[in-house]
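The values are calculated or read from the model by the stated rules, or taken from the named source; none is laboratory data. All of these numbers come straight from a predicted model, not from anything done at the bench. Positions of Cβ are generated from backbone atoms using ideal geometry, with glycine treated the same way; all protein chains shown enter the neighbour counts. What goes into the accessible areas is simple: the full protein's heavy atoms, side chains included, and nothing from ligands, DNA or RNA. Shrake-Rupley method; radii C 1.70, N 1.55, O 1.52, S 1.80 Å.
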Amino acid sequence: MAQAAVFSLGIEILDSPLKKFGNVRVKRSCDGVGMSGLCISQISFDVPGELYAVRAAKTVVKGVNGLPTFYIDDRHKSRGVYSVTCLDRLAFADIDFPYSSFLEGEGPLPIADVVQNIINVVKFKGLTGIPAWLTEIPREKLQGSCSDILSFIAECCCGFFYMTDDDVCTFAPFGSFSSTMSVSKHTALDIGIDYSPNGILCTDGNGRQYSRGGVGYSFDTVQINSDLISNEGCEEIWKRIDGKTYTQYSCDTCILPSVPYPAVKISYAQGYELITQDINCEITKNGIFGSLRGNAPSDGEIGSRHRLTRNRVEYGKKCGNIINSKYQGIIVVDDEE
């Protein structure tokens with residue numbers, strides 16, 4: 001596979017360019033096929049000599065598209081070289097939501113107020129993409145961190161949050177893709193099994209259920225259990241996932257024009273268009289070399305966390321003189337234990 005064209009690569013820490021650095025790598029991935037959670041981008045690199053930057057120092061990669069602003073999360077020195085790891089702004093969301101400011105009010109809080117407060121606390125440049133049908137959140141659900149609230153929203157709306165290269169926290173809805181990219185130079189793709197949702201089953205906080213499509217089997221049913229879900233929400237999610245197919249695959253090496261966002265749709269020269277959730281890149285002055293993967297659903301092929309939850313195994317619970325341990329299997333214990 002031919003090399004990419006040479007381009008200008010630089011790293012600035014607190015607006016001061018590093019004179020020497022190497023081994024630059026970027027990782028970003030979402031859970032499974034991207035039905036929930038937060039995707040925090042990570043960049044790592046080596047710096048010979050001293051690195052005097054303050055804790056959590058702002059770090060910017062120059063000459064490469066697709067990367068947000070980073071902040072130092074970890075550094076350690078060995079044999080005169082610092083190994084540095086940085087995370088994007090979404091890592092700062094593990095901070096308490098200002099719940100006390102809303103104790104005097106009654107009823108749910110408009111989603112616009114929740115979003116603005118998260119922007120103010122975490123210092124996002126913006127927060128976008130939340131579906132229009134989600135208009136409010138119960139106040140009791142706001143007791144926790146901003147990351148808890150974002151995860152709560154993501155699971156209900158069936159998608160995940162990530163940071164764009166303009167430092168905006170963005171919701172990526174499952175059933176769509178965050179961006180597109182063409183890759184003309186790559187190793188042969190390993191194509192695995194397909195996953196296509198056949199239906200959706202939603203249960204709200206009062207036990208009401210809404211469904212679309214076929215929900216007879218757990219392995220092809222998307223199930224959402226949330227205080228925030230509604231019939232309108234169930235309809236919107238079904239419209240975007242109906243007829244969509246996700247293919248599990250891997251590409252060992254490819255040359256990339258920029259660092260892909262998670263849930264990017266990549267058009268490969270081999271003839272496939274594939275959604276990619278797991279991204280590992282090595283950035284050199286000769287180009288961006290990626291190892292990419294499209295995931296399968298994170299709950300396995302049977303989907304036991306869906307239709308089987310009513311009769312699920314409770315790990316660690318004693319029944320007679322038997323304990324079903326998650327990691328050790330069946331354990332027989334004495335009565336006095």
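Below is a table of values for the structure above.
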{"read-out": "Tilt relative to the chain, helix 111-122 - C-alpha long axis, 0 to 90 degrees, to 10", "value": "40"}
{"read-out": "Residue pairs, from the table 58/285; 19/285; 27/77; 62/265; 58/123, whose Cα atoms sit over 18 Å apart", "value": "58/285; 27/77; 62/265"}
{"read-out": "Selection from 18, 275, 65 lying farthest towards where the dipole of the chain points positive, charges on Cβ", "value": "18"}
{"read-out": "Inter-label distance for residue 250 and residue 52, nm, one decimal - labels placed 7 Å from Cα along Cα-to-Cβ", "value": "4.5"}
{"read-out": "Accessible carbon and sulfur surface of the chain relative to its total accessible area, %, 1.4 Å", "value": "46"}
{"read-out": "Between the stretch 14-33 and the stretch 107-176, the alpha-carbon center distance in angstrom", "value": "25"}
{"read-out": "Gyration tensor (alpha-carbon) shape descriptor, the stretch 1-90, a/c threshold 1.5", "value": "oblate"}
{"read-out": "Answer label for Cα Rg over 2.2 N^0.38 Å (calculated), chosen among (1) 1.18; (2) 1.12; (3) 1.06", "value": "(2)"}
{"read-out": "The stretch 1-132: relative contact order in percent, alpha carbon pairs under 8 Å with at least 6 residues between", "value": "20"}
{"read-out": "Per residue value of the accessible surface for the chain (all protein chains in place, 1.4 Å probe), Å²", "value": "51"}
{"read-out": "Among 162, 211, 180 the positive-end extreme of the charge dipole of the stretch 128-226 (Cβ point charges)", "value": "211"}
{"read-out": "Dipole magnitude of the stretch 238-292, debye to nearest 20 (Cβ charges: Lys/Arg +1, Asp/Glu -1, about Cα centre)", "value": "240"}
{"read-out": "Dipole magnitude of the chain, debye to nearest 20 (Cβ charges: Lys/Arg +1, Asp/Glu -1, about Cα centre)", "value": "1080"}
{"read-out": "GNM flexibility winner over the chain from 33, 60, 81 (Cα, springs under 10 Å)", "value": "81"}
{"read-out": "Proximal aspartates and glutamates relative to residue 20, as straight alpha-carbon distance under 19 Å, when same-chain residues fewer than 8 apart are discounted", "value": "12, 46, 50, 74, 282"}
{"read-out": "The stretch 132-218 - charge dipole about Cα centre, Lys and Arg +1 at Cβ, Asp and Glu -1, debye rounded to 20", "value": "300"}
{"read-out": "Cβ-defined net charge surrounding residue 82, 10 Å radius [Lys, Arg +1; Asp, Glu -1]", "value": "0"}
{"read-out": "Summed residue charge, Cβ within 14 Å of residue 99's Cβ, Lys/Arg positive, Asp/Glu negative", "value": "-3"}
{"read-out": "Neighbour-limited loop hits for chymotrypsin sites (Phe, Trp or Tyr not before Pro), the stretch 42-147 (at most 15 other Cβ within 10 Å; DSSP other than H, G, I, E, B)", "value": "52"}
